[in-house]
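Have a look at the structure below before the remarks.
The values are calculated or read from the model by the stated rules, or taken from the named source; none is laboratory data. As the structure is a computational prediction, the values presented were derived from the model and not from experiment. Don't worry about glycine lacking a Cβ; one is built from the backbone with ideal geometry, like all the others, and counts go over all protein chains shown.
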Amino acid sequence: ENEMENEDCGVTFRSVHSASYFFLRVYSIAHYNQSHTMLNLTLIDLPGITKVPVGDQPADIEHQIRDMIMQFICRESCLILAVTPANTDLANSDALKLAKDVDPQGQRTIGVITKLDLMDEGTDARDVLENKLLPLRRGYIGVVNRSQKDIDGKKDIRAALAAERKFFLSHPAYRHIADSMGTPHLQKVLNQQLTNHIRDTLPAFRSKLQSQLLSLDREAEEYRQYRPDDPSRKTKALLQMVQQFSVDFEKRIEGSGDQVDTVELSGGAKINRIFHERFPFELVKASEPDTETVTGLFTPDMAFEAIVKKQVVKIKEPCIKLLILCFLHAQLDSFPCLREETERIVTSHIRDRESKAKEQVLLLIDVQLAYINTNHEDFIGFAKYVQIFA
């Protein structure tokens, strides 16, 4: 025990609110001169919920502990040992409440009731232990642990187990279920439950593991030709990934990639919508204030210029989003430094092209405003109208 404390104080207990955890190996020995074949158990002792921060604990200590607990008990492969003191209201048990959140049917939860010897006189936990009050598929087991007085008095485990056994056999509310109570029975049940749980979950776990292995094998196959010690292969691999990035980017614009978003418009589809739907709407909206004072055939140039500038800016967002989506390509994702540098270069190029695109749009507007070509087919009707009334 002292060795464990000295070893782990420097890691886990350096801070009173550390989220780090450590592994505790328990070596089984012959108990009561009877040898038992036990499975290797991994026990994760999670802290109780702290409602009010004390000392240098952070203000959100409750949320930190809750998140840490949920990190483990939400796993379908884990059994939940929900420990609740018998001298508190079971309906207010934090352990059972959290267990119910992730295991509403009680399929993975084993209830453990402690401090049965500290209940008020005239009360007992018989209904709970008989699985009548808050039923769990795996039931409840009652235990009586050593008190602080027993620990201070150097009461050993053997004597504590004997006292626990005597308590259940002598108590009128528990003597009929004494054989299914106590720490030895809890040990036996945990071994049985874990064996059954492994048997039930192993097929799905094996299938999932095989699927992951196949996926990793396929990914590894793509990199078998990459050799960091060969400069020529490194250059070839780099060119291949950059070329693939370019192809993916082009496919995203065209909407022909294998990662097309079916929920919302993205890539080229979003840019197309901005040009053909949003742009005309914004153009009409910007010119509305002048409809009563300006009569003519043309949209006010300032309104048009303002809308064009706004739309050019809006093109930036789908382009950048498109860029980020393209970076999800598996090859680039495996090389974070290369991905970061590629993102920097492409983003810089897009910003440069954005500036030049603005210049070209404004130049086009100036060209159109400099000369109105009334011989254009859009003005044919207007020309005929002038000739009739000339």
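Here is a list: Asp120, Asp152. Which entry is surrounded by fewer than 12 Cβ atoms within 10 Å (Cβ to Cβ), over 22 Å from Thr201 (Cβ atoms) and touching a residue at least 24 places away in the same chain (Cβ under 8 Å)?
Asp120
Search region 67-117 for residues being among the basic types (Lys, Arg) and crowded, with 16+ Cβ neighbours inside 10 Å, and hand back the single one that is nearest to Arg138 (Cα to Cα). Reasoning before the result, please.
Quick first cut of region 67-117, residues among the basic types (Lys, Arg) only: 75, 97, 100, 108, 115.
Going one step further and asking which of them are crowded, with 16+ Cβ neighbours inside 10 Å, we end up with 100, 108, 115.
Working: Lys100: 13, Arg108: 7, Lys115: 20 Å.
It comes out as Arg108.
Identify all residues within region 169-197 that are within 35 Å of the chain's Cα centre (by Cα) and either in contact (Cβ under 8 Å) with a residue 40 or more places away in the chain or within 16 Å of Val83 (Cα to Cα) (or both); write none if there are none.
Leu186, Gln187, Val189, Leu190, Asn191, Gln193, Leu194, Thr195, His197 - these are the residues of region 169-197 that are within 35 Å of the chain's Cα centre (by Cα) and either in contact (Cβ under 8 Å) with a residue 40 or more places away in the chain or within 16 Å of Val83 (Cα to Cα) (or both).
Here is a check on your reading of the model: is Val112 at pLDDT 90 or above and either in a loop (DSSP other than H, G, I, E, B) or not small (Gly, Ala, Ser) (or both)?
yes
Any residue at all in region 1-9 that's modelled with pLDDT under 80 and either small (Gly, Ala, Ser) or assigned to a loop (DSSP other than H, G, I, E, B) (or both)?
Yes; the residues of region 1-9 include at least one that is modelled with pLDDT under 80 and either small (Gly, Ala, Ser) or assigned to a loop (DSSP other than H, G, I, E, B) (or both).
Can you pull out the residues in region 83-92 that are in contact with a helix residue (DSSP H, G or I) (Cβ under 9 Å, 6 or more places away or on another chain) and farther than 14 Å from Pro135 by Cβ?
The answer is Val83, Thr84, Pro85, Ala86, Asn87.
Do any residues in region 80-93 that are in a loop (DSSP other than H, G, I, E, B) have Cβ atoms under 7 Å from those of residues that are buried (at least 16 other Cβ atoms within 10 Å of the Cβ) and of a type in the set (Gly, Ala, Ser), where the two are at least six apart or on different chains, and which pairs are they?
Short answer, once both residue conditions are applied: Ala86/Ala125.
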